Amino acid sequence: MGNILRSLFQSNCDDNSSNYDIFIDIQSATPNSEDQTVYNVVNGVLELSSQIINDLESYKGATGEIREAISQPSNDYQQRHTWREVCKFVMVLKRLYEYSQEIENVVPQLLYPLCTGPRTPIEHCETQQALIKQFAEVLHFTLLFDGLKMKNPAIQNDFSYFRRMLQKMIQEYHEETIEMSMDTANRMSLFYASPTPMLKMLSNATTKFVAENQSIPIENTTHYLSTLANILKNMIGNSKYSENFTSEKEIHFSVYVMVGVIILYDHVHPVGAFSKKSNIDVTGAIKIIKSINLNNKQHLLDAL
């Protein structure tokens, strides 16, 4: 992911590439002493992101077992077998949901140092590269997660079956179940009901950050997001800058982050990303997504 961003934060949002000609190497960025504490906290969460994606990729679900249980309502063995299989998968879903809460908690910890203080946008860019890198990784993870969830209907079906059968399995079959409060079950149900649960969580966390930090002008946050989106669009689409990419993986990473930033901006900015008053060239971003050889490009287009 090296050489992906040149100047994430600038003092204006026009699309002239010369205004963004500041190099940031986010492949090897290390935190300064001021950001070390936040970096360590966020890093501790992001270290688990690959395993979470692996868990989601390998999630097969209990679709077959549920079908058999529904077709054989008087078969006690099948009912018990299906329940135990569903519980195994719901344990995975609970772990994924709990990780989403960890991501939600670190988002404001990243945004605060990147949006506050006496530094100008360019000074943030020069001195806080490690936090910028982590913010990009959160966005990338978010869209990867939602792309996998969207393609796997077993996730929502398993949890729906679990909630529907919970009381019956306890009261009639005396089966053990997963330790989970009703509040957690309700929140998990809402989380997985969304086609893009992680993105919804991230958007809500960003909106909450703006609402709870009214001493920080909303323009600080929206300006950074719009600038980042336009820079990424320019970096990917302009051969003068795209030559700095060392692999297709880096380009794909940047596309994912660009989409995530646009969506966050759309949720936080009063008029959104798709208004004529928006500072983001959404049309240009869509053209770039369509031009890239990317397996999940339709998922990104649908997200926008």
Carbon plus sulfur fraction of accessible area for the chain, probe 1.4 Å, in percent: 49 percent
Dmax and Rg, reported as Rg then Dmax, of segment 192-304 (C-alpha, Å): 14.5, 43
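Strictly over 18 Å apart at the Cα level, which of K94/K149; K94/K297; K233/K287 would you flag in this model?
K94/K297
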Selected from P197, A273, N186, residue furthest toward positive end of dipole (segment 180-288; charges at beta carbon): A273
Computed helical MRE - 222 nm, the chain, DSSP H runs ≥ 4 contributing -39500 (n - 2.57), nearest 500: -22000 deg cm²/dmol
Cα-centre dipole for the chain with unit charges at Cβ (Lys and Arg positive, Asp and Glu negative), debye to 20: 800 debye
Residues of segment 240-266 with amide N under 12 Å of the 7 Å Cα→Cβ point at N293: 248-249
Sites Q78 and S194 - FRET efficiency at Förster radius 30 Å, r taken between beta-carbons, to 0.05: 0.45
Burial order of peptide ranges 41-54, 262-275 (average beta-carbon count within 10 Å, highest first): 262-275, 41-54
Cα centroid separation, segment 204-261 to segment 117-153 (Å): 8 Å
Paramagnetic label zone (point 7 Å from Cα along Cα-to-C-beta, K249; backbone N under 17 Å) in segment 26-62: 26-29, 47-54
Structure-derived Rg and Dmax of the Cα atoms in Å: which label, when the choices are (1) 25.7, 83; (2) 21.7, 72; (3) 20.2, 62: (2)
Helix axis angle, 129-150 relative to the chain longest principal axis, alpha carbon, degrees: 40 degrees
Per residue value of the accessible surface for the chain (all protein chains in place, 1.4 Å probe), Å²: 47 Å²
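The values are calculated or read from the model by the stated rules, or taken from the named source; none is laboratory data. Since the structure is predicted, the reported quantities are computational estimates derived from the model, not experimental observations. Using ideal geometry, Cβ is built from the backbone for each residue, glycine included, and neighbour counts are taken over all protein chains shown. The accessibility values were calculated without ligands, DNA or RNA, using every heavy atom of the protein model including side chains. Shrake-Rupley method; radii C 1.70, N 1.55, O 1.52, S 1.80 Å.
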